[in-house]
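Shown next, in structure tokens, is the structure this report addresses.
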Amino acid sequence: MKRTAISLFIAAVLCAATAFAQPKICIDAGHGGSDPGAVGNGLRESDINLDIALKLRSLLNADSNDSSGGGSWRVIMVRTGDTTVSLSSRTAYANSNGANRFISIHANAFSNTSANGTETFRYTNGSSNSRSMQLAIHDELVDATGLRDRGAKTANFYVLRYTSMPAMLSEQGFVSNRTDAAVLASASRRLDMAKAHMFGLQRHYGLAAYDPTQNVERGTVSLDMAEFSLNPVRLRARTTGDVARVVYLADDQWNLGESDNKAGKYEVRRRFYTVGARKITAVGYSASGRELARASRTVTVQNRDMVFTTASTTSNPVALFAQGGDQVAKVRYYANDTYLLGTSTNRGADFPVDYQFNFTGLRSLSAIAYDQNDNEIDRHDRDIRINP
Ligand SMILES: [Zn+2]
């Protein structure tokens with residue numbers, strides 16, 4: 001290993017170790033002891049809350065701000081067993097121990113068993129930090145439970161009102177609803193809920209979501225390509241999360257090229273030797289080389305000078321769109337061969353025009369491509385159904 005690489009590595013580790021202060025997180029498992037909380041479908045809320053709280057403690061303790069990511073936390077627990085704790089003792093515990101954040105974990109119940117879903121609360125007059133924490137955890141938690149999103153709400157609950165630090169309360173789901181109860185009864189789903197609280201805390205503190213128990217990085221990939229593409233094809237994907245590189249495959253096996261992130265875009269141009277329908281797959285990798293996500297779609301590759309790609313059924317105003325080869329300098333769009341709808345000069349290979357039609361239903365459209373000298377070099381007609 002080169003000397004510069006070693007010192008850079010040491011500098012990075014020192015930075016990581018010192019940059020992130022250890023927030024003190026107070027975890028409050030709701031109810032307990034003589035107060036089981038909500039009861040239904042064979043479940044006691046106090047048990048569910050405690051299990052998620054203990055799992056969250058383990059996760060936060062495992063998160064050590066190592067070079068792979070994550071943060072580092074001090075965790076204090078309102079209760080670690082099936083014990084009775086008053087509301088005032090809960091807030092006094094958090095306040096007197098100087099907690100930086102307070103997270104109260106609950107499950108819901110309602111007399112109407114059709115009530116269902118996940119919701120979170122912050123104090124009505126809470127700080128912007130309580131809102132930021134709530135929203136980050138809310139998003140993760142709704143993902144984790146997969147239940148109905150009842151919203152990120154405000155309330156005057158005692159534990160939110162009398163805690164002196166940013167605080168929130170999460171309601172994972174309804175023990176009184178059969179679908180929700182099945183999720184709450186699953187230990188692996190409760191682990192997902194605990195992780196959601198950790199991921200949300202990490203994001204709230206400006207870190208990428210990171211699972212220290214599995215080294216899991218996360219991200220999504222979506223292909224951003226028209227159904228018809230002109231040869232050479234411009235392969236385009238968008239990503240979220242930790243995706244740092246996208247590799248494109250044809251028919252799941254032929255490597256078409258790869259791109260690092262260039263301002264949120266992952267573009268590769270590639271000439272196909274076989275035209276027609278091809279399955280394109282974009283595979284997203286993290287900086288450490290782990291595959292995080294992939295997306296596929298079938299694209300019809302064409303060799304003509306211009307491809308008229310406006311969808312055959314579309315809504316008003318119509319986004320007229322064609323892609324042209326190197327010779328194409330502009331594209332004009334016509335209705336019924338007579339009415340000029342607009343002209344687009346070259347923006348890369350894309351020729352977009354938006355047009356508001358006065359009539360809906362079937363219209364006969366043409367896209368005509370012209371070269372630099374205004375010679376018509378390609379033309380495509382198609383019937384388009386415009387929805388009201
Ligand atoms: Zn409760």
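Nothing in this text is a laboratory measurement; each read-out follows from the coordinates by a stated rule. As the structure is a computational prediction, the values presented were derived from the model and not from experiment. Backbone-built Cβ (ideal geometry, glycine too); neighbour counts: all protein chains shown.
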Between 0 and 90 degrees, rounded to the nearest ten: what's the tilt of helix 3-19 against the longest Cα principal axis of the chain? 50 degrees
Note to self: C-alpha centroids of the stretch 317-388 and the stretch 158-206 sit apart, in Å, by 52 Å
Got a sec? Which residues in the stretch 317-345 would a label at residue 385 touch, if it sits 7 Å along Cα→Cβ and we count backbone N under 18 Å? 317-319
Per residue, how much space in cubic angstrom lies within the convex hull of the C-alpha atoms of the chain? 205 Å³
Once you place label points 7 Å from the Cα toward the Cβ at residue 337 and residue 155, how far apart are they in nm? 6.9 nm
Measure nothing fancy, just the Cα-based angle from helix 128-145's long axis to the longest principal axis of the chain, in degrees from 0 to 90, nearest 10. 80 degrees
Stretched out fully, how many nm does the piece from residue 258 to residue 374 gain, at 0.36 nm a residue minus the Cα gap? 38.1 nm
Label points 7 Å out from Cα along the Cβ direction at residue 251 and residue 34: separation in nm? 7.4 nm
Under a plain spin-label model, where a point goes 7 Å from the Cα along Cα-to-Cβ, how far apart in nm are residue 315 and residue 68? 4.4 nm
Measure nothing fancy, just the Cα-based angle from helix 187-204's long axis to the longest principal axis of the chain, in degrees from 0 to 90, nearest 10. 80 degrees
Using only Cα positions of the stretch 57-127, each an equal point scatterer, no hydration layer, compute I(q)/I(0) via Debye at q = 0.25 Å⁻¹ and quote the log10 values to two decimals. -1.23
P(r) of the stretch 266-318 over all Cα-Cα pairs, 5 Å bins starting at 0, rounded to whole percent, reads 4, 12, 16, 20, 16, 14, 10, 5, 2, 0
If contacts are Cα pairs under 8 angstrom and at least 6 residues apart, what is the relative contact order of the chain in percent? 11 percent
Would you kindly state how much longer the chain becomes between residue 269 and residue 89 on full extension, computed as 0.36 nm times their sequence separation minus their alpha carbon distance, in nm to one decimal? 58.5 nm
Please give the length that would be gained between residue 279 and residue 362 if that part of the chain were fully extended, namely 0.36 nm times their separation in residues minus their C-alpha to C-alpha distance (nm, one decimal). 26.8 nm
